[in-house]
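Following: one structure in structure tokens, then a few remarks.
The values are calculated or read from the model by the stated rules, or taken from the named source; none is laboratory data. The structure displayed is predicted, hence computed values, not measured ones. Here the Cβ positions follow ideal geometry from the backbone for every residue, glycine too, while neighbour counts run over all protein chains shown. Please note that ligands, DNA and RNA were not included when accessible areas were found on the heavy atoms of the full protein model with its side chains. Shrake-Rupley method; radii C 1.70, N 1.55, O 1.52, S 1.80 Å.
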Amino acid sequence: MSRSGYGHMMLDDYVERLRQIRAERRERLHGIRTRAQALAYQRRVRRTIARAFRPRPSKTPLNVQLTGVLQRRGYRVEKVILESRPGCWVTAHLYVPEGLEGKAPAVLGACGHSAEGKLEPRYQEFCQRLVRSGFVVLIKDPFNQGERDQYWRLSQRAEVDSCTHAHNMMGKQMELVGEWFGMWRAWDGIRCLDYLLSRPEVDHSRVGLTGNSGGGTMTTWLWAVERRFTMAAPSCFVTTFLSNLENELPADCEQYPPGVVGAGLEMADFLIARAPDPVILLGQRYCFFDRRGLHEAYEEVRGVYDVLGADADSCHTFLGDHPHGFCSDAQKKMLSFFSKHGGMPALRMGKASLVGDEEGLVTEKGNVIEAGATPVYELTGAIANDLRQLRRRRSGPDLRACVRRRLRLSDRETPHYRVLRPVSGRSRYAIETKRGIRTILHKTNMDSTRMHTLDVERRLRLYVPHLGSEEEVRTDSLARRLIANGDVLYFVDPRGLGETRADDGETSFFHPYGLDYLCHGHELLLGGSFIGGRVHDVLSVLDLLASEGAQEVTLCGRGQGAIIALFAACLHAAVKGVVLKNSPISYHAMTQVPLPAWPVANFVNGALHDFDLPDLYRFLGRKLKLVRPWGPDMQPLRKTTLLRQMRLESLSTRLLTDEKAI
């Protein structure tokens, strides 16, 4: 697919952008010499992080349920359910030392991505280390771990059998309504802290936070956004965003805080935000989170602590000799650090006394949905329904302005192009749409004497494919029909599609952690829009074609390309006709099913606050023809379902046509 060597283009572009941001940030850090400068930098960091962690819901009653108690030698384990937001239940274990005299220090434990959640053996082990040394410990199940499977009711659920895949499924639906899954995860932690601090045993001035991997993520995020924590120990997470990118390491959607990299931040800044409060960074030598990034982050954090006059014991790091995991050596370092700053002895512990699966259940049947909670996808769907009621119809100029803003589009210049080697009777051009980005343009049914120039017709068709032009030319019936009719047909591969699609090896393009997903995540970190970049590419190609003589363009698109073409058609004056094959009827429909199949790269963050796809269909009016629309499952809609959805969206059935009529 990467015939011209553009398969790594997107990743290389993001690497260069992050390296530039890193260089500028290092200059700022190196310029910090005084306490006033350090505090000013810290205030800037805190403001940026606060913007990423939103929207914040109002605090509602926790409706705590105590469903059982397990007695152990020297401590007890209370089984707790709390409601972090209406309908959203959190299951947790509270470890309480026996024989407390006065208030005790406390720790909130954050689980990594283990299916067992709070019952994962190593997580039980670190809780027992802490409780045996006199700490009150609350450890909670994250979404789709332990007893919080949100898809409990579904019989067909292969896409979300992994908790990480489930997180990305929930997260992509949330993007459409302007929510971020990382904030939902953080909010669970904040509400669990509310409960922990409500306990009479807990000393509010000594509250720690720790977790490994995904739990290290939440430890890092919560440490920055919740100042009631007084000490923290993130394990096997802290490195640099740049290291993860260069190592082609995709992250969960909760690990992409929107806009923070674009604002000049790195992971270390989430720790600098709390300087000089006590923190220890834990890692393992053979962890996939790059240890070079861990060392870099620690040196940056330590530097700010030093400028602020922090004592030597307030900021530490530890690197074990194991692979990824909250291994015993890291647990012991965490316990020693918390004991020092919590004023407690760090007692030695033998083998952990593990709670069994059945014995440890907080709910009767091991699932919060079965017990009465509302699945997250229904909560997201309800937000979408509310937005639908509040959203007003927008005029043409207002709608276009909203689309441009949500797609993060900027001004364009007519792009430079390169003439590439022809392939199978098709001319090929590399259009330089932005910085190091090349968009590949194909032209079919060419006069062989003009295959090395770009000669543009007054009237033409431009086709945006689902996955790539070369594949579409061979397999798509509409494209083949147009070519067979003798039409001069242009195909455009926007960034990440066709010849610029990254080679994922054995990983499918539609895999929840494919490189397309990784690019989308880094665009979020930068405060941009990945689909907006693709729309920019098509708009730039339209600019080029118009500058070379095109006056009437029929813009065609299929599947993913149909969404891109739809946005471009609404924004470019040269487009006089639009044919969309296999386009979705609406973004709203993606929020009303548990498992939408469309990749997140097709979603516009927060779109449903301002518009939905039917608004754009109505805007195009008679220019538009829809061919065999797809549903949220990326399959053709049955006629009755299609007509019902068209009526629901107030769309005329005259928009529908058969491809034979094109």
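Below, the figures for the structure above:
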read-out	value
Largest to smallest accessible area among 351, 340 [probe 1.4 Å]	351, 340
Which of 30, 295, 442 is most accessible, then next, and so on - probe 1.4 Å	30, 295, 442
Average accessible surface area per residue within the range 32-85, 1.4 Å rolling probe, Å²	57 Å²
Cα-derived Rg over Rh, computed across the chain with Rh taken as Kirkwood radius	1.02
Accessible surface of residue 344 - all protein chains present, 1.4 Å probe, nearest 10 Å²	50 Å²
Integer Hz, Karplus 6.51/-1.76/1.60 couplings in order for the range 526-541, x for Gly and Pro	7, x, x, 9, 5, 5, x, x, 5, 5, 4, 4, 5, 4, 5, 5
Environment charge at residue 297 (Cβ cut-off 14 Å; Lys +1, Arg +1, Asp -1, Glu -1)	+1
Per residue solvent-accessible surface (Å²) - the range 144-184, probe of 1.4 Å	31 Å²
Residue-count net charge about residue 184 - beta-carbon cut-off 15 Å; Lys, Arg +1, Asp, Glu -1	0
Trypsin sites (Lys or Arg not before Pro) within the range 1-81, DSSP loop, no more than 14 other Cβ atoms inside 10 Å	3, 33, 59, 73
Rounded accessible area per residue of the range 533-646, 1.4 Å, Å²	28 Å²
Accessible area (Å², 1.4 Å probe, nearest 10) - residue 377	20 Å²
At most 16 other Cβ within 10 Å, DSSP loop - GluC sites (Glu not before Pro), the range 210-298	248
Sequence-distant lysines (8 or more away, or on other chains) whose Cα lies within less than 16 Å of residue 623	576, 581
Loop trypsin sites (Lys or Arg not before Pro), the range 210-274 (other Cβ atoms within 10 Å of the site Cβ: 11 or fewer; DSSP)	227
DSSP beta bridges in the range 430-521 [antiparallel fraction, %, rounded to 5]	75 percent
Share antiparallel - DSSP beta bridges, the chain, percent rounded to 5	45 percent
Extension gain (nm, one decimal) between residue 34 and residue 421, 0.36 nm per residue minus Cα-Cα	133.5 nm
Check: the range 144-269 dipole with +1 on Lys, Arg Cβ and -1 on Asp, Glu Cβ, in debye	360 debye
Summed residue charge, Cβ within 14 Å of residue 37's Cβ, Lys/Arg positive, Asp/Glu negative	+3
DSSP bridge pairs, the range 82-218: antiparallel proportion in percent, nearest 5	40 percent
Test item: Cα-centred dipole of the chain, Lys/Arg +1 and Asp/Glu -1 on Cβ, debye	1740 debye
Efficiency of FRET from Cβ geometry, residue 340 and residue 652, R₀ 56 Å, rounded to 0.05	0.20
R0 of 35 Å, Cβ-Cβ distance residue 103-residue 365: FRET efficiency to nearest 0.05	0.45
Computed lengthening from residue 321 to residue 64, 0.36 nm per intervening residue step minus Cα-Cα distance	88.4 nm
Modelled FRET efficiency - R0 51 Å, residue 352 with residue 660, Cβ distances, 0.05 increments	0.15
Percent carbon-and-sulfur accessible area, the chain, ignoring ligands, DNA and RNA, probe 1.4 Å	47 percent
Residue 201 paired with residue 485, simple spin-label distance in nm, labels 7 Å along Cα-to-beta-carbon	7.5 nm
